[in-house]
Amino acid sequence: MERDVSDESGHSRFPGPKFEAVFGAPAGLDRELLRMARDGKLAGLRSTRRDLVQDWLDTGLSAEQTCKRLSAYNRSVIQAVLEAHAQDAPWLRRCTFLEFGSGGRDEQVIGSDQDNGMIVAEGVDPDDLEDVAQSIVVALDGAGIPLCDGGVMVSNGQWRGSYDDWLLRLTGWLSNPAEKGAWQSGLILDFRGLFGSPEEADKLRERLWEYVRTKPIVLSLLIGELTDYRLPLTIFGAFITERSGPWQGHLNIKNSVLAHLTNSARILTLKYNLGPSNTCDRVRAMAEAGHVSADHGQRLLAAWEYLQRKRLEIGLACEAEGVRPHSLVNPAALDAGERARLKAAIQSTEKLVRLVQAGAGL
């Protein structure tokens with residue numbers, strides 16, 4: 001399989017015929033990948049994915065560029081799996097496969113799991129749907145896109161339904177804090193369609209974002225989810241890490257820092273309808289529109305770059321050891337320069353969280 005899978009814009013660049021139902025994006029998939037999907041022989045993609053990420057980092061690509069390329073690569077794998085299933089279940093092309101979370105933002109790292117759903121077309125047999133949905137998630141897991149621990153997958157009936165089902169479900173989660181968790185609200189606001197009808201995915205996203213923008217209570221609930229944010233630094237500048245257990249002394253840079261940067265940027269983007277779905281692009285749009293200062297914007301971009309690069313490096317190391325990737329770092333094991341970058345990332349993220357909480361820029 002060709003190793004260079006992306007052009008400079010980060011889009012997939014496989015040779016060969018393009019799929020007819022991939023939203024018109026430059027996501028032509030090579031014959032070998034489609035054959036592997038049809039034959040159920042995708043396990044080798046794990047090492048291919050690892051080698052690609054290592055090559056991209058070694059050649060000087062930024063974490064932002066690497067994550068965008070990796071996300072494009074994973075989308076191509078997903079599209080190949082869906083097309084292979086559509087050979088025997090042609091009704092799948094009338095449905096819309098949705099990708100949520102980091103995949104929807106082009107921010108995937110090694111070990112990013114499945115966060116997907118499906119807008120189901122009318123007339124699909126429920127039993128066929130169940131069988132195909134289960135087969136899809138198993139195939140993706142075999143291709144190195146792990147099962148979602150939270151069950152956010154098409155194999156879960158809660159993540160399938162008609163367009164009307166989806167609109168009712170998502171607005172219900174957003175407007176009722178008893179019906180969702182903080183992870184869920186962020187997840188469901190960032191999604192894209194990968195296979196099927198582009199109109200359904202675009203329309204659903206536009207309706208959902210308009211709902212949030214026109215319902216102050218929903219926006220306030222999203223902001224409220226940031227109230228539990230605790231700066232993982234003491235007043236003396238020491239890192240606050242896990243106190244016990246196997247990860248004693250470690251800090252989860254995804255849950256403790258990066259997620260709050262992502263959520264805060266999303267809230268500002270929602271409020272002002274800025275457009276971008278990628279967090280770095282959102283930060284740039286926020287700075288250009290004056291919702292954060294130019295200096296703060298640059299600090300946020302530096303924070304995102306450091307944190308994501310660290311996650312990519314951890315993912316590569318875990319893959320080499322045959323263990324599941326994680327997002328934990330031991331600050332004591334970092335050199336002085338890295339500790340300073342980690343502290344700067346935490347501080348710039350906290351500033352953004354506090355601005356959103358206080359309503360500044362809103």
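Nothing in this text is a laboratory measurement; each read-out follows from the coordinates by a stated rule. In this text, all values refer to a predicted model and were calculated from it rather than measured experimentally. Neighbour counts are summed over all protein chains in view; Cβ atoms, including those assigned to glycine, are modelled from backbone coordinates with ideal geometry.
Given the options Met286, Tyr306, Gly245, identify the residue whose Cα lies farthest towards the positive end of the charge dipole of the range 226-358 (+1 on Cβ of Lys, Arg; -1 on Cβ of Asp, Glu). Most positive-ward Cα: Met286.
Where both bridge residues fall in the chain, DSSP classifies roughly 85% of the beta bridges as antiparallel. Pairs of alpha-carbon atoms within less than 8 angstrom and 6+ residues apart define the contacts here; what relative contact order does the chain have, in percent? Reported as a whole number, the value is 16 percent.
Comparing Gly40, Gly245, Gly172 in a Gaussian network model of the chain (Cα springs below 10 Å), the most mobile by mean-square fluctuation is Gly245. Ignoring lysines fewer than eight residues from Lys310 along the same chain, the ones with Cα atoms less than 26 angstrom from its Cα are Lys68, Lys254, Lys343, Lys351. Ordering of 120-129, 345-354 by packing is 345-354, 120-129, highest average first (other Cβ atoms within 10 Å, averaged per residue).
Each other residue within a Cβ distance under 15 Å of Leu334 adds +1 if Lys or Arg and -1 if Asp or Glu, for a net charge of +3. Between amide H atoms placed 1.01 Å from N, distances below 5 Å from Ser162 occur with Val120, all of them 5 or more places distant or on a separate chain. Geometric descriptor of the range 226-358, per residue, is 120 Å³ (volume of the convex hull of the Cα atoms). Comparing Leu233, Leu342, Leu312 in a Gaussian network model of the chain where C-alpha atoms under 10 Å apart are linked, the largest mean-square fluctuation is found at Leu233.
The C-alpha radius of gyration of the range 31-214, expressed as a fraction of 2.2 N^0.38 Å, stands at 1.03.
With the biggest extent put first, the Cα atoms of the chain measure 62, 46, 40 Å across the principal axes. When the Gaussian network model of the chain links Cα atoms closer than 10 Å, the mean-square fluctuations of Leu174, Leu300, Leu274 top out at Leu274. Each 10 Å bin, from zero up to the one with the longest distance, holds this percent of the alpha carbon pairs of the range 149-291: 9, 34, 34, 17, 5, 0.
Taking label positions 7 Å along the Cα-Cβ direction at both Lys351 and Gln248, the computed distance is 3.6 nm, reported to one decimal. The Cα atoms of the range 64-162 give a gyration tensor whose axes a ≥ b ≥ c have a/c of 1.5 or more with a/b greater than b/c, which makes the shape prolate. For chymotrypsin sites (Phe, Trp or Tyr not before Pro), the sites in the range 192-289 that DSSP calls loop and that have at most 16 other Cβ atoms within 10 Å are Phe236, Trp247.
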